[in-house]
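The values are calculated or read from the model by the stated rules, or taken from the named source; none is laboratory data. Predicted model, so just to flag it, every value in this text is computed and none were measured. Glycine gets a Cβ as well: all are built from the backbone with ideal geometry, and neighbour counts include every protein chain shown. Side chains included, ligands, DNA and RNA excluded: accessible areas come from the protein's heavy atoms. Shrake-Rupley method; radii C 1.70, N 1.55, O 1.52, S 1.80 Å.
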Amino acid sequence: MSGLNRQLARLNSIAKGAGSVRVPTNVTGLSLRLSTRRPAKGAKSFWRENLPQVQFHNPSLPITVKKVTAEQEAAGEKISLSISFEDGTSKSVETTERTSEQILEDFVAASGASQVPENEIPVLKRPSFHDL
Amino acid sequence: MSLARSLLLRSGNAATTTAGLISVSSRPLLQLINPPQPRYGSKKKRDEKKAAKSDGAPSKADAKQLAHQREKVLLRLRQKREETKKATKLRVEAKNASKSSNFMDIETALRYLRAAEVGRSAHATTISLTMRIVAEKGAVPVNTKCRLPKPLDEERIAVFTNSSELAAEARRAGAVLVGGDDIIDQVKQGIINFDKAYATPDIVSRLNQVARILGPKGLMPNAKRGTVTHDIYNALVQASGEMTFKQEGTMLSLPVGRASFTDLEIVSNIVTVTDAIRKFMTDSSAHNKKAYIGKTVITSTTGPSIVVEV
């Protein structure tokens, strides 16, 4: 894969994928809390693979990721993905011992997000020989 | 008389054959004598040269020199050809930058970069601009400074002063910590919560107490660096957010913002920086050596790079 192809693949992976969803306007923020004590494979891959796509399609949505230490966890901080709404309520999605697909599915269900139509997703392509 | 005698002796038989007498008149004899030759170098070398001349072929040393010279000329030509090739490549690259598949306007590029940096702390997400400087050979490399409208880091500035007027001025210019002996006492106790320090001349003698603490940290105010001055307001205003940048080879890379900045803040930073670069290029174009900004790429700490137009 050449340099430009790699760049284009990276850019397309930000815009297109399972996480390309649009959250409703009543969602005011997302907060993912990861455990540093226990394994958090699913949550980490949700952060790396899906959250960029969520952020790309919702540019004004504030998303924070926090690593929770053992002491903070003992003090009562929850390991989860919490979704805050306009009316002050919040919903939390379980992330422990779950895969990134399961977390995404639960997040879409809890937030009421909708999939972005295929034709609205920008896809960057290298011009082929015939286009030139 | 002695000269004539020696000449006669050298001429050998010619002198002795004239009736066994040594003739005083040297006139007919002088024509037979060779004039003395100048003697340069050793006789052996001269003989070698003579031999070479008589052959008509160049000596080994001459052939070696010629080969060396030819090699030098060829090398110079090759270098020149490579330089021309490189310059052409850069010019073509700059011309075709907007046709690249990952070319975008800055707003869209920032949307991608913010998505790539999601969940990272604002301080760890530097958005930087990398540009190619296309310049003629001999042009002055870019080395200038400018003040960003929105600096990347807010510095905590401390001002040491005894005068209340200057203290008020310093606070107006954005100093966080202003005071005299109270701050010196704090520093003595090891509490240093500032990134830059200024002082007025009236307190410098008292600052010597903490020179050993501030000095190694690079925080000691110094008249040479312009951090000891009466005109504290202008010194603070001029230095705040000032950024120096320097061309490395043909590339110039500099930070222009954080992912947490708004589009407008980043764009105004980019405009300020490119204006400063262009101004430097026009000011320093001595001997008509022109330079311009070529292909420009915007990127973030962990994000992809995107071609933009500046």
Per-residue average of other protein chain Cβ atoms inside 10 Å, peptide A:3-14 -> 4
iface B-A | buried accessible area, total | probe 1.4 Å | Å², round 100 | 1600
The farthest towards the positive end of the charge dipole of chain A, of the residues A:Ile83, A:Asn26, A:Gln102, given +1 on Cβ of Lys and Arg and -1 on Cβ of Asp and Glu, is A:Gln102
So the carbon and sulfur contribution to the accessible area of the protein assembly as shown, 1.4 Å probe, in percent, is 53
Here the residues of region A:75-89 lying in the modelled label zone of A:Thr28, meaning backbone nitrogen under 19 Å from a point 7 Å along Cα-to-Cβ, are A:81-89
Computed over chain A: longest principal axis from alpha-carbon atoms vs helix A:3-15 long axis, angle to nearest 10 degrees, is 50
For the protein assembly as shown, the Cα gyration tensor yields equivalent-ellipsoid semi-axes (√(5λ), largest first, whole Å) of 79, 38, 21
Log entry: pair-distance distribution for region A:4-120, C-alpha pairs binned every 5 Å from zero, whole % per bin is 2, 12, 21, 23, 18, 13, 7, 3, 1, 0
Filtered hits (aspartates and glutamates, Cα-Cα < 18 Å from B:Lys86, offset >= 8 within chain) -> B:Glu136, B:Glu248
Per the rule of 0.36 nm per residue minus the C-alpha distance, extending B:Gln238 to B:Ser284 adds in nm 14.3 nm
The rounded separation in angstrom of the Cα centers of region A:1-76 and region B:243-257 is 31
One finds, for B:Thr301 and A:Val123 with R0 = 41 angstrom and r their Cβ-Cβ distance, a FRET efficiency to the nearest 0.05 of 0.95
Dividing the surface of the Cα convex hull of region B:149-264 by four yields a projected area in nm² of 9.3
Toy charge model, Lys and Arg Cβ at +1, Asp and Glu Cβ at -1: region A:1-126 dipole around Cα centroid in debye, rounded to 20, equals 660
Cα-Cα longer than 26 Å, checked against B:Lys95/B:Lys137; B:Lys80/B:Lys290; B:Lys89/B:Lys289; A:Lys125/B:Lys295, kept in input order, equals none
Computed over chain A, the relative contact order (Cα-Cα under 8 Å, seq sep at least six) in percent reads 36
Given the candidates A:Leu51, A:Gly3, A:Leu124, the one whose Cα lies deepest towards the positive end of the charge dipole of chain A, counting +1 at each Lys or Arg C-beta and -1 at each Asp or Glu C-beta, is A:Gly3
Of A:87-95, A:13-21, ordering from highest average Cβ density within 10 Å down gives A:13-21, A:87-95
Test assert for region A:43-64: residues whose accessible surface shrinks by at least 50 Å² between chain alone and all chains, 1.4 Å probe, equal A:Phe56
With x for Gly and Pro, the residue-by-residue ³J(HN,Hα) of region A:103-116, computed from phi through the Karplus equation 6.51 cos²θ - 1.76 cosθ + 1.60 at θ = phi - 60° and given in whole Hz, is 4, 4, 4, 5, 5, 4, 5, 6, 8, x, 6, 10, 5, 6
Counting only residues 5 or more apart in sequence or on a different chain, those whose built amide H sits under 5 Å from that of B:Gly294 are B:Arg132, B:Ile133, B:Val134
For the protein assembly as shown, the dipole about the Cα centre with charges only on Cβ (Lys and Arg +1, Asp and Glu -1), to the nearest 20 debye, works out at 4300
Listed by chain and number, the lysines with an alpha carbon less than 18 angstrom from that of A:Lys91, same-chain partners under 8 positions apart left out, are A:Lys66, A:Lys78
Shielding of B:108-116 by other chains, given as the mean Cβ count within 10 Å, works out to 5
For the protein assembly as shown, the charge dipole (Cβ of Lys, Arg +1; Cβ of Asp, Glu -1; about the Cα centre) points to a positive end, and the Cα of B:Ile157, B:Gly190, B:Val142 closest to that extreme belongs to B:Val142
In this structure, the FRET efficiency calculated for B:Ser98 and B:Glu265 from their beta-carbon separation, with R0 = 35 Å, to the nearest 0.05, is 0.90
Here, A:Thr69 and B:Arg147, labelled 7 Å along Cα→Cβ, have an inter-label distance in nm of 4.0
Simple SL model, points at 7 angstrom along Cα→Cβ for B:Leu66 and B:Arg46; separation in nm is 2.8
For B:Lys217 and A:Ala18, extending 7 Å from Cα along the Cα-Cβ vector and measuring point to point gives, in nm, a value of 5.0
